[in-house]
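Undergrad: I have a structure I would like to understand better, so I am pasting it below and will then ask my questions one at a time.
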Amino acid sequence: MNQITFKNWLAPIVATIIFLIVWQVFSSAWDTSGIVVASPIAVFSVLFSQAAYLTHHGLITLGEASAGFAIGSAIGIGLAVLFVFSGVAERALYPYAIIVKAIPLVALAPIIVSFFGGDIASKVVMAAIISFFPVLVSAADGFRGVDHDAVDLMRSFSATRWDIFRLLQWPQALPQIFAGLKISSSFAVVGAVVAEFVNADVGIGSIIRKSSYYLETDINFAAIFVAAIAGLFLFAVVSVVGRKVVFWQKPFDSQKQKPFNP
């Protein structure tokens, strides 16, 4: 068991070491001043020396992203359920969901901040907007992908539309729903950070904006690193919950996969 765990961690550890070496060599050779590209040594120095400061702002961004992720996911799943029971609602609302997704965040953020103000509400709304679409698409596809023979079998036993959804469509769609939730969990952090760019005195986005203005590249990179950690944390939480909820789905193990030979 320990050997398998070590093998699972070996590849990412080696990849990380190689990445840090290449990053250090590149930053030293191309930008010796450290203004454009901060070296890993400088970034980790800031992470340790300003750990409390970065953690405080990182937790604020994580809270905003988590709230927006929860709201956006609930809206996405709710709309997908509505589409299952109403084709008219799907034809009427689905194009607007696509339009909202197609709008660039940098263009939408000032409007959201102006409407909801510069406090936490605008950041949560931005995180929710960017989170709901992947969940909506994955849930809708999961509900549509139900086995038609199974539906006919349930109808032969006088199952109602709600029974078919509750006992068949919902369980079969859960793996795809959690796949969409994993994608949205990382997007939520992006939405919160972009909203913090526009008007915020706290949060990782505000640190990135201020450090960019004062050319504090090491702090900038450290803040980006904290934002990435926040996204990874949300992704890990969703993954753990998904394994508990979708307990019948066999976890993917790359070491047991055989090469494809046509």
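Undergrad: Among the residues that make up region 178-190, is at least one of them within 16 Å of Ile120 (Cα to Cα), surrounded by 20 or more Cβ atoms within 10 Å (Cβ to Cβ), touching a residue at least 12 places away in the same chain (Cβ under 8 Å) and in contact with a helix residue (DSSP H, G or I) (Cβ under 6 Å, 6 or more places away or on another chain)?
TA: Yes, region 178-190 contains at least one residue that is within 16 Å of Ile120 (Cα to Cα), surrounded by 20 or more Cβ atoms within 10 Å (Cβ to Cβ), touching a residue at least 12 places away in the same chain (Cβ under 8 Å) and in contact with a helix residue (DSSP H, G or I) (Cβ under 6 Å, 6 or more places away or on another chain).
Undergrad: Got at least one residue in region 85-93 being of a type in the set (Asp, Glu) and crowded, with 22+ Cβ neighbours inside 10 Å? Show your work before the answer.
TA: Taking region 85-93 first, the residues of a type in the set (Asp, Glu) are 90.
Add one more test, that the residue is crowded, with 22+ Cβ neighbours inside 10 Å, and what stays is none.
No, region 85-93 contains no residue that is of a type in the set (Asp, Glu) and crowded, with 22+ Cβ neighbours inside 10 Å.
Undergrad: Can you tell me which of Lys210, Lys182 is closer than 20 Å to Tyr53 by Cα and not hydrophobic (A, V, I, L, M, F, W, C)? Write out each step before concluding.
TA: Details: Lys182 fails: closer than 20 Å to Tyr53 by Cα.
Just a single option satisfies the conditions, and that option is Lys210.
Undergrad: Still on this structure: Can you tell me which of Ser66, Ser122 is of a type in the set (Ser, Thr, Tyr), within 16 Å of Phe187 (Cβ to Cβ) and in contact (Cβ under 8 Å) with a residue 24 or more places away in the chain? Can you show your working first?
TA: Values: Ser122 fails: within 16 Å of Phe187 (Cβ to Cβ).
Exactly one of Ser66, Ser122 is of a type in the set (Ser, Thr, Tyr), within 16 Å of Phe187 (Cβ to Cβ) and in contact (Cβ under 8 Å) with a residue 24 or more places away in the chain, namely Ser66.
Undergrad: While we're looking at this one, here's another question. Please verify whether Ala89 is under 28 Å from Phe233 (Cα atoms) and not aromatic (Phe, Trp, Tyr), treating the condition exactly as stated.
TA: Values: under 28 Å from Phe233 (Cα atoms): no; not aromatic (Phe, Trp, Tyr): yes.
So Ala89 does not fit the description; no.
Undergrad: Okay, next question. Can you tell me which residue among Ala227, Ala192 is in a helix (DSSP H, G or I), under 23 Å from Leu136 (Cβ atoms) and out of contact with any Phe, Trp or Tyr (no Cβ under 6 Å at 6 or more places or on another chain)? Show your work before the answer.
TA: Details: Ala227 fails: under 23 Å from Leu136 (Cβ atoms).
Step by step, each of Ala227, Ala192 is checked, and only Ala192 is in a helix (DSSP H, G or I), under 23 Å from Leu136 (Cβ atoms) and out of contact with any Phe, Trp or Tyr (no Cβ under 6 Å at 6 or more places or on another chain).
Undergrad: Then there is this: Inspect region 82-89 for any residue being aromatic (Phe, Trp, Tyr) and touching a residue at least 40 places away in the same chain (Cβ under 8 Å) and give the result as yes or no.
TA: Keep residues of region 82-89 that are aromatic (Phe, Trp, Tyr), which gives 83, 85.
Now drop any that are not touching a residue at least 40 places away in the same chain (Cβ under 8 Å), which leaves 83, 85.
The answer is yes, given that some residue of region 82-89 is aromatic (Phe, Trp, Tyr) and touching a residue at least 40 places away in the same chain (Cβ under 8 Å).
Undergrad: Only one residue in Val202, Val151, Val135 is in contact with a helix residue (DSSP H, G or I) (Cβ under 9 Å, 6 or more places away or on another chain) and closer than 18 Å to Ala70 by Cβ. Which one?
TA: Working: Val202 fails: closer than 18 Å to Ala70 by Cβ; Val151 fails: closer than 18 Å to Ala70 by Cβ.
After applying the criteria, what remains is Val135.
Undergrad: Report those helices (runs of 4 or more DSSP H) wholly inside region 1-119 carrying at least 2 residues which are at pLDDT 85 or above and in contact with a Leu (Cβ under 8 Å, 6 or more places away or on another chain). Write out each step before concluding.
TA: Values: elements: 2-30, 40-49, 51-85, 87-102, 105-116.
By residue number, 40-49, 51-85, 87-102.
Undergrad: Working only within region 201-230, note down all residues that are surrounded by 15 or more Cβ atoms within 10 Å (Cβ to Cβ) and free of Cβ contacts under 8 Å to residues at least 60 places away in the same chain.
TA: Residues satisfying the conditions are Ile208, Arg209, Ser211, Glu216, Ile224.
The values are calculated or read from the model by the stated rules, or taken from the named source; none is laboratory data. Small disclaimer: the values here were computed from a predicted structure and weren't measured. As a convention, Cβ positions derive from the backbone with ideal geometry for all residues, glycine included, and neighbour counts pool all protein chains shown.
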